[in-house]
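Before any comments, here is the structure.
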Amino acid sequence: MWPVTLALLSFGWGPAEFTEMNAYVSRSYERWIASATVEDLAGQMIMVAGYSRQGESHLQQLATWAEAGQIGGIIWMQGGPGRQRHAIVRTQAAAMRGTGLPLLNAQDAEWGASMRLDSLERLPWPLTLGATRDPELARAYGKSLGQESRALGIHVNFSPVVDLNTNPANPIIGQRSLGSDVDQVNRMASNELWGLQSQGVMACAKHFPGHGDTDSDSHKTLPTLNHSLETLRNREMRPFENAIHSGVGAIMVAHLNIPALDPTGTPASISKPIVTYWLRDSLGFQGLIFTDALNMKGLAQDLTPGEIEIQAIEAGNDVLLFVADPKAAVKAIARAVESGRLTRAQLEEHVGRILEAKAKYVPDDGAIPSLSEAPLPERKALNASMYAAAATLVYDPDSMVSRTSGSSVIEDVVFMVPMGEAQAEAARLPGMDHIEEVDAFLASYRPGQDGFTKPRIWIFHTASSANPWKSAKLPSAVLAQAQAWKAKGAEVGLVHLGNPYGLRSFARGQAVMGEPITNQTFLDLFSALIFGYENVPDAIRSIQGALESFRPEMLPGRIPVSGLNFNPALPVTTMGEAGFQTDLIQNIDAIVQEGLRKGAYPGCQVFLLRHGKVVLDRAGGTLDGTHGVEPS
């Protein structure tokens, strides 16, 4: 086999968005395909797992497969940055010697390569990014991912996760998702993938047609998604359709049973109706289609090596991910072509897309940029910005975050106390207090005396942020401590530094002082609630700044997921107390009536909220312009 030049040098190859292949490259890979054997073609479709932390025998095996043309790419798993770069240089050289084509290197790096590699700083979990609701931060997030991936020799980053996390019980997506609202996820995902691909790294949206509303993990079993076709099209599939329109280079197909799309029970990853009819034909996707890892238990257990790969090709996939035995798979695919079960034309079509991707994303000489190009200094600043933008004031009806005004008190007393599974690092941060300090103050505190406001105690629930699957359940000890302090006259607020869904657990039989905890008693116990999403110093410092300066506007984030019910009644105030002129109501009413008279809208509601208090809440008109309804 002779070498093929795949560089885009005449286009000034570099981190430019969606660079097109030139005619020379097109002719070159067409000649390679025409002269390739069926085994050569099959090998290009196979991607195996590489571990830079493993020893010489493993790296030699990868190099042997690459030189023999039995693999076309590697998904890089656990290891270290320097070791991975070294392993990539070695395997690329082997591939070029054997086939003249470089390998396509990929990695799961949803929040950065630290997802797989040691000694690297990660980005916030995608759910934290979703809480910022800031498309510019999403683009910067993607750009940072792309810069890092390039510096580590990676051409495809299996990101973003565009699954809508609409099921709070989902054990595997959770904080890997950008949220549960379709439109918001679309905005954030589009910008993330644009930022990623702007750095010359292919983005891959996953897990088609949507893994967010499942209650089991496809790594361990085959989840079933029992939604109607209408729901799937209008909800689960929309982020993938949006990603396609945004120019995403690749899409990964999940191991899911989806009866509305394929009533046979075939996993989506090897289902022709799902991969070919829905993804390729109906949604019109022309990029690379990856299977999810073929070693996952969500795939039928009675399928043998070789048969799995054949069925994946029959379904319409381009890249077969995480193949355990590439030599056996190549032979099985060749036999399927010989028997007529598969055709050479099928393989050529898939390999054509793979070589297009290599032409677009793999440098001609396989060179890897210097590690100095990894975005480490910029990432630190970006992380601080994202945690600050994500911090969310969930509720605060009594304005616990705001400074007391209009009273004769001398001092606002605020304590910040870390409690939870991973409190050690938070406890060392400046400004943090200890339980003993709070108890000592309350022992001598007399409500309404001493020239102090009612003490405000913020419990920072320090859940583990070791990975985004941690449940972050609220310990009974936190609830008991809050109740004890409240009984002594203090106001207690909760700063939850973990998965928001962790707070769903308190309603499942937990008790404090013998009384079961329900949603309402939780709201009674904690006067205010803030989500920080992760137990990391940047998130903590950002929230501390808001509490120390009594500035609720420094907590601008929004909860990006559904399924949480924290809706205490909002306090009501008057126009005057809120700082508005009283004739503002008449001006608003005049605007509403003018719109109704001119038919600009059949009806409307005006809702004015300031500093957490309802100033105005009134409605005018009807729902359809004719029939009035009683408000519920």
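What follows is calculated from the coordinates using simple rules that are stated; it is not laboratory data. Predicted model only: the values in this text are computed from it and were never measured. No Cβ is skipped: glycine too gets one built from the backbone with ideal geometry, and neighbour counts run over all protein chains shown.
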From the Cα trace of the range 9-381, what convex hull volume per residue do you get, rounded to a whole Å³? 124 Å³
Using the Karplus curve 6.51 cos²θ - 1.76 cosθ + 1.60 with θ = phi - 60°, what ³J(HN,Hα) values do you get for each residue of the range 244-259, in whole Hz, with x for Gly and Pro? 4, 5, 7, x, 4, x, 8, 9, 9, 9, 7, 8, 9, 9, 10, x
Cross-link pairs beyond the 29 Å C-alpha cut-off, checked among Lys143/Lys360; Lys272/Lys470; Lys220/Lys470; Lys272/Lys473; Lys297/Lys470; Lys327/Lys470: Lys272/Lys470; Lys272/Lys473; Lys327/Lys470
Simple label model, 7 Å out from Cα along Cβ direction - Arg551 to Ala324, nm: 5.7 nm
Report the label-to-label distance for Trp469 and Ala600 in nanometres (one decimal), using points 7 Å from each Cα along the Cα→Cβ vector. 5.3 nm
Share antiparallel - DSSP beta bridges, the chain, percent rounded to 5: 25 percent
Asn226 versus Arg27, label points 7 Å from Cα toward the beta carbon: distance in nm? 5.9 nm
Taking 266-276, 393-403, 301-311 and ranking on average Cβ neighbours within 10 Å, highest first, one gets 266-276, 393-403, 301-311
Rounded FRET efficiency, nearest 0.05, which uses the C-beta distance separating His219 from Gln301 and R0 of 22 Å: 0.95
About its Cα centre, how strong a charge dipole does the chain have in debye, to the nearest 20, once Lys and Arg get +1 and Asp and Glu get -1 at the Cβ? 640 debye
Square roots of 5 times each gyration tensor eigenvalue, C-alpha, the range 150-267, largest first, Å: 24, 15, 13
Ordering of 108-120, 489-501 by burial proxy (mean other Cβ atoms within 10 Å per residue, highest first): 489-501, 108-120
Below 8 Å, C-alpha to C-alpha, sequence gap of six or more: please give me the relative contact order for the chain in percent. 13 percent
Sorted from largest to smallest, which semi-axis lengths in Å does the alpha carbon gyration tensor of the chain give for its equivalent ellipsoid, taking the root of 5 times each eigenvalue? 52, 28, 23
How do Val162, Val248 rank when sorted from fewest to most other Cβ atoms within 10 Å of their own Cβ? Val248, Val162
Give a residue-ordered list of calculated ³J(HN,Hα) values for the range 536-549 (Karplus: 6.51 cos²θ - 1.76 cosθ + 1.60, θ = phi - 60°; whole Hz; x for Gly, Pro). 10, x, 4, 5, 5, 4, 4, 6, 4, x, 5, 6, 5, 9
